[in-house]
Amino acid sequence: MTGSREQVLANIRRSLRRAGPLADSVRAGLEARLASPQANLKPHYEADPDAHFEIRLRAVSGIVTRVQGPGEISGVVEAHVQAFGLPLELVLAPDPDLDDIAWSNRFKVERRAAVGSDQTSVTSAFAGVGETGSLVLLSSPRSPTTLNFLPEDHLIVLARSRIVPHIEDVWTRLRAEIGALPRTVNFITGPSKTGDVEQVIQEGAHGPRRLHVILREDR
Amino acid sequence: MSITSPSTRPRVGLFVTCLVDLFRPNVGFAAVKLLQDAGCQVEVPPLQVCCGQPAYNSGDGADTRVLARRVIEAFEGYDYLVAPSGSCVGMIKEHYPRLFATSAPWQGRADALSRKSFELMSFLTDVLHVTGVSARYAGTATYHDSCSGLRELGVRDQPRALLASVEGLSVTEMRDANVCCGFGGSFCVKFPRISQRMVSDKVRSISDTGAATLLGGDMGCLLNMAGRLKRAGSPVKVYHAAEVLAGLTQLPGIGDGTKAD
Amino acid sequence: MQSNAHDFKRRADVALEDMELQKALGLLKTGFTLKRADAVAALPEFQALRGVGREIKEHTLAHLDFYLEAFERNVRASGGHVHWASSVEEARAIVVQICRDAGAKRVTKGKSMVGEEIGVNEALEAAGVDVLETDLGEYIIQLANEPPSHIIAPAIHKTKAQITELFYKHHAKHGKTARVTEVAAIVNEAREVLREGFLAADVGITGANFLVAENGAAVIVTNEGNGDLTNTLPRVHIVTAGIEKVVPTLEDVSTILRLLARSATGQQMSVYTTFSSGPKRREDLDGPDAFHVVLLDNGRSEMLGNEFHEMLRCIRCSACMNHCPVYGAVGGHAYGWVYPGPMGAVLTPLMVGIEKTMPLPNACTLNGRCQEVCPMQIPLPAMLRRLREREFDEGLMPWLPRAGLAAWAFLARRPRLYRAVTGFGVKALAWLARGKGRLRHLPLAGAWTAARDLPAPAGETFQQAWQRRQRGSGS
């Protein structure tokens with residue numbers, strides 16, 4: 001509806017008391033601000049980013065297990081499914097970063113996007129944020145978004161070197177490594193929850209009931 | 001800091017406030033005493049009536065400006081305007097400069113008055129550097145922070161610091177001391193049942209402290225809370241903090257009489 | 001959504017007597033407010049961040065047309081569509097048309113206050129499309145056929161027992177025949193029931209906390225995961241958002257995010273903060289085929305640059321209503337429209353019309369707690385007062401309070417007459433009180449004396465006593 005577009009923009013310009021178009025110098029300044037985004041004030045924290053990451057994520061019921069290398073991962077995942085009485089079935093992201101994991105043959109492993117009946121997914125993450133204990137996951141053929149939300153349990157293999165200090169550092173990395181945004185950037189900070197029943201916090205709303213980060217020290 | 005020479009004593013114009021004038025003159029006398037004891041020369045401009053807040057909060061800008069000009073004219077000649085009320089001083093200090101935003105010279109005169117207007121207790125501590133009083137008041141009390149005093153003027157620690165020096169008095173903090181008591185000027189008569197709920201919650205907080213006395217810095221709040229306390233049959237006595245600080249508590253509390261019911 | 005704001009007082013009085021509602025509202029005092037206080041105390045930079053957030057928004061608003069155009073350009077560049085709606089009717093029509101074009105039969109919704117503002121559910125239902133609210137609070141009120149009463153916890157007015165009954169009544173058709181009484185079981189049942197809905201949806205509609213000009217992303221901040229299932233599973237994703245939601249860069253969003261979750265629920269970060277831009281990319285394995293953003297004006301462009309401009313900084317965190325003693329006493333439904341509490345008392349008159357929403361700006365003691373906790377430093381009490389000025393100037397004030405005010409102003413402008421009248425008045429009141437110090441009843445003061453005694457004056461005014469003492473002492 002181009003009529004409305006022009007009407008809304010005209011209303012805005014009238015309210016801002018701008019009769020003509022933006023002056024070239026003003027426009028150039030605004031374009032520059034968009035082209036070279038600057039971080040604003042970032043909160044200071046004392047600990048190392050990976051230590052702070054673990055503290056913050058545990059504080060919101062995230063599970064964190066540190067491993068020295070890929071050989072330990074299958075064992076950690078198996079311990080998880082057993083601890084929570086889950087079947088030995090995994091839907092694994094088709095992510096090359098997960099290729100070096102040797103899965104126990106007790107597991108049935110499928111590499112695909114998720115479907116409604118999936119129980120446990122294993123994905124990697126683009127980054128972790130020390131400030132908030134968040135995982136950052138990007139949608140792509142190697143990391144379909146449904147793996148982050150449909151299964152009951154979500155395990156994420158995160159390389160320690162991918163933990164950045166602040167939220168803004170994620171954007172710096174993303175722009176440098178990938179360029180344009182993918183369809184979805186998910187910041188995930190713990191398992192899903194709701195406070196909608198008498199403000200009692202209850203985990204396991206619509207997204208995963210449990211979030212388990214396997215932190216690889218070797219990467 | 002002691003000021004002895006008459007020519008260097010600060011000249012204070014006392015802004016009585018309409019509620020003190022009508023309902024509790026004793027608070028005015030307490031304010032005078034406190035200011036004089038602290039070395040001020042106190043005058044009471046006789047033609048003062050109202051800071052204009054009722055008109056202002058009702059959206060009547062024209063009447064507000066008329067009343068504000070009167071106040072500015074009556075008080076701008078003093079070194080300070082001092083009032084035993086956070087809400088009236090909030091009006092003068094925070095809002096008068098905005099009333100005349102487009103019309104100098106009133107803008108300048110409002111600014112000038114704003115800079116030298118103070119709520120009573122914070123004036124004593126912050127400007128005159130009074131650290132204590134010599135009054136006594138035996139018993140326990142709790143203190144209610146009026147919203148404008150607290151949020152517009154930052155008055156919170158100053159009354160407590162002064163009350164701490166009153167011999168025999170111990171102050172207990174109530175739960176939600178900084179939550180509105182429900183007076184809000186015309187709000188309490190426009191939305192009486194909501195106001196009733198708010199003042200009932202406040203009375204519960206007061207009773208739960210076990211304190212025998214309620215103190216505060218604003219007559220509107222005090223009339224509201226005293227009225228509810230008395231209706232509820234509470235024995236809690238209500239005074240303006242200035243009355244306790246000045247040692248002028250020989251009269252019955254707000255809402256109490258000399259005769260029993 | 002239709003406004004019942006004119007009916008505030010009656011609805012508020014009903015709310016005060018509603019025991020279940022009062023029980024639910026009582027939880028506010030210990031819930032959101034304490035958590036926010038803890039979160040703010042744990043972040044030394046919080047106050048500084050408020051100022052930065054304010055600057056970002058003010059800069060954006062000062063160049064809103066530029067940033068909206070940049071946003072639009074970037075949505076298109078990532079394969080999405082942008083639609084502009086001046087009015088709620090237009091916005092509704094756009095959403096319905098998108099759903100028709102997609103052959104949609106079922107729509108899932110993440111929480112969107114703009115969706116409520118435009119009445120999108122009713123419009124879709126009328127067009128033969130099933131709408132399923134997926135935010136648990138929104139789902140609960142959908143079952144109850146009620147509007148939301150809070151902008152982030154829409155069912156905050158419901159007790160657990162009421163929710164149990166709603167589920168029992170409505171979930172039988174899903175094969176659930178037992179009452180679920182514990183929170184975990186209630187949430188679990190909602191998870192199971194709604195899962196089918198997520199998977200069956202043709203179109204997903206979400207709101208947006210932010211629209212990012214730099215790259216055309218829409219940002220949602222949630223905890224349940226329903227917003228993400230809504231924006232990923234269906235074939236079409238529609239975002240409904242006000243034009244004031246645009247923010248220049250991802251870094252700017254990052255700053256304001258630090259204020260948002262803390263101010264709302266006391267969390268440092270919500271569980272899911274999602275940036276969506278455009279439809280699925282060619283090789284993606286999941287995601288919608290189409291991405292639409294519907295930008296709503298509905299009076300926002302009028303507010304720009306006028307005395308209500310600052311309200312456009314609102315990030316819909318709900319801190320103001322969580323801390324408002326009036327909201328805490330009567331809940332959100334009394335306000336009669338989409339937005340309750342202090343921010344609703346400002347927005348509703350501006351969007352619906354001052355003459356239709358008279359009580360809202362007046363139902364406030366101007367205590368200022370809202371402004372104190374607002375992460376964007378919005379001077380809410382000042383704006384409520386300005387709305388009162390508009391009401392006064394337009395002659396909308398009812399005659400009785402207007403007459404009372406005029407009488408007061410008349411007297412106040414005439415000090416000598418004032419002295420005479422009040423001198424008489426205080427004597428009369430003192431006499432009526434007969435030494436008891438208070439009055440239980442007083443003609444014309446029924447609103448006060450219904451709940452309180454009126455402390456009685458002493459018999460003379462301060463000015464009279466002062467003049468008397470001055471004459472006596474000769475000074």
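The values are calculated or read from the model by the stated rules, or taken from the named source; none is laboratory data. Computed from a prediction, not measured in an experiment: that's the story for all the values here. Positions of Cβ are backbone-derived with ideal geometry, glycine not excepted, and every protein chain shown enters the neighbour counts.
For the stretch B:74-86, how many residues meet the condition of being within 11 Å of another protein chain (Cβ to nearest Cβ), surrounded by fewer than 22 Cβ atoms within 10 Å (Cβ to Cβ) and either touching a helix residue (DSSP H, G or I) at 6+ places or on another chain (Cβ under 6 Å) or within 27 Å of C:L400 (Cα to Cα) (or both)?
The total comes to 0.
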- Looking at (1) touching a strand residue (DSSP E or B) at 6+ places or on another chain (Cβ under 7 Å); (2) within 11 Å of another protein chain (Cβ to nearest Cβ); (3) not hydrophobic (A, V, I, L, M, F, W, C), which is the only condition C:E69 fails? (1)
- Message: The conditions are (1) surrounded by 21 or more Cβ atoms within 10 Å (Cβ to Cβ); (2) within 12 Å of chain A (Cβ to nearest Cβ); (3) of a type in the set (S, T, N, Q), and C:Q97 fails exactly one of them. Which is it?
- Response: (1)
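Do the conditions hold for B:V32, that is, is it free of Cβ contacts under 8 Å to residues at least 60 places away in the same chain and within 30 Å of B:L251 (Cα to Cα)? Break it down into steps so the answer makes sense when it comes.
Details: free of Cβ contacts under 8 Å to residues at least 60 places away in the same chain: yes; within 30 Å of B:L251 (Cα to Cα): yes.
Against the criterion (free of Cβ contacts under 8 Å to residues at least 60 places away in the same chain and within 30 Å of B:L251 (Cα to Cα)), B:V32 qualifies.
Which of the following residues is crowded, with 23+ Cβ neighbours inside 10 Å and part of a helix (DSSP H, G or I): C:L366, C:L387?
Values: C:L366 fails: part of a helix (DSSP H, G or I).
Unique residue meeting the criteria: C:L387.
For the stretch C:126-163, how many residues meet the condition of being closer than 19 Å to C:V338 by Cα and either touching a residue at least 60 places away in the same chain (Cβ under 8 Å) or of a type outside the set (G, A, S) (or both)?
As a first pass, look at the stretch C:126-163 and keep what is closer than 19 Å to C:V338 by Cα: C:131-158.
Right, trim to either touching a residue at least 60 places away in the same chain (Cβ under 8 Å) or of a type outside the set (G, A, S) (or both) and you get C:131-136, C:138-143, C:145-154, C:156-158.
Count: 25.
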- Checklist (1) without any contact (Cβ under 8 Å) to a residue 40 or more places away in the chain; (2) more than 7 Å from chain A (Cβ to nearest Cβ); (3) not aliphatic (A, V, I, L, M) applied to C:T206, failing item: (1)
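Residue-by-condition table, conditions (1) within 11 Å of another protein chain (Cβ to nearest Cβ); (2) of a type in the set (S, T, N, Q):
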| residue | (1), (2) |
| --- | --- |
| B:V89 | no, no |
| B:P97 | no, no |
| B:S122 | no, yes |
| B:A138 | no, no |
| B:S148 | yes, yes |
| B:V166 | no, no |
| B:F191 | yes, no |
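Taking the condition of being more than 22 Å from C:P147 (Cβ to Cβ) and buried (at least 24 other Cβ atoms within 10 Å of the Cβ), how many residues in the stretch C:72-93 meet it?
Start the filter on the stretch C:72-93 by keeping residues that are more than 22 Å from C:P147 (Cβ to Cβ), which leaves C:72-84, C:86.
Next cut, buried (at least 24 other Cβ atoms within 10 Å of the Cβ) only: C:75, C:80, C:84.
Final tally of qualifying residues: 3.
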- Residue set B:V71, B:V16, B:V89; condition part of a loop (DSSP other than H, G, I, E, B) and surrounded by 24 or more Cβ atoms within 10 Å (Cβ to Cβ); output residue B:V16
- Query: If you take the residues of the stretch A:119-138 that are under 16 Å from A:L98 (Cβ atoms) and assigned to a loop (DSSP other than H, G, I, E, B), which of them is nearest to the other protein chains (Cβ to nearest Cβ)?
  - Reply: A:F126
- Message: For a quick check of your reading of the model, give me the residue pairs whose first member lies in the stretch C:402-417 and is under 24 Å from C:R390 (Cβ atoms), whose second is among the β-branched types (V, I, T) and part of a loop (DSSP other than H, G, I, E, B), with beta-carbon atoms closer than 6 Å and at least 6 apart or on different chains.
- Response: C:A412/B:V49
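Scan A:V60, A:V64 and give me the residue that is closer than 24 Å to C:I256 by Cβ and either modelled with pLDDT of 95 or more or surrounded by 12 or more Cβ atoms within 10 Å (Cβ to Cβ) (or both).
Numbers: A:V64 fails: closer than 24 Å to C:I256 by Cβ.
Among A:V60, A:V64, only A:V60 is closer than 24 Å to C:I256 by Cβ and either modelled with pLDDT of 95 or more or surrounded by 12 or more Cβ atoms within 10 Å (Cβ to Cβ) (or both).
For every residue, the table says whether it meets (1) touching a residue at least 60 places away in the same chain (Cβ under 8 Å); (2) over 17 Å from A:R13 (Cβ atoms); (3) assigned to a helix (DSSP H, G or I).
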| residue | (1), (2), (3) |
| --- | --- |
| C:K23 | yes, yes, yes |
| C:K29 | yes, yes, yes |
| C:A37 | yes, yes, yes |
| C:L43 | yes, yes, no |
| C:H59 | yes, no, yes |
| C:D65 | no, no, yes |
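Do any helices (runs of 4 or more DSSP H) entirely within the stretch B:155-261 hold 3 or more residues that are basic (K, R) and outside the structural domain of B:G52 (by TED's automatic domain parsing), and if so, which?
On the way: elements: B:157-163, B:187-190, B:192-209, B:219-231, B:241-245.
So the answer is B:192-209, B:219-231.
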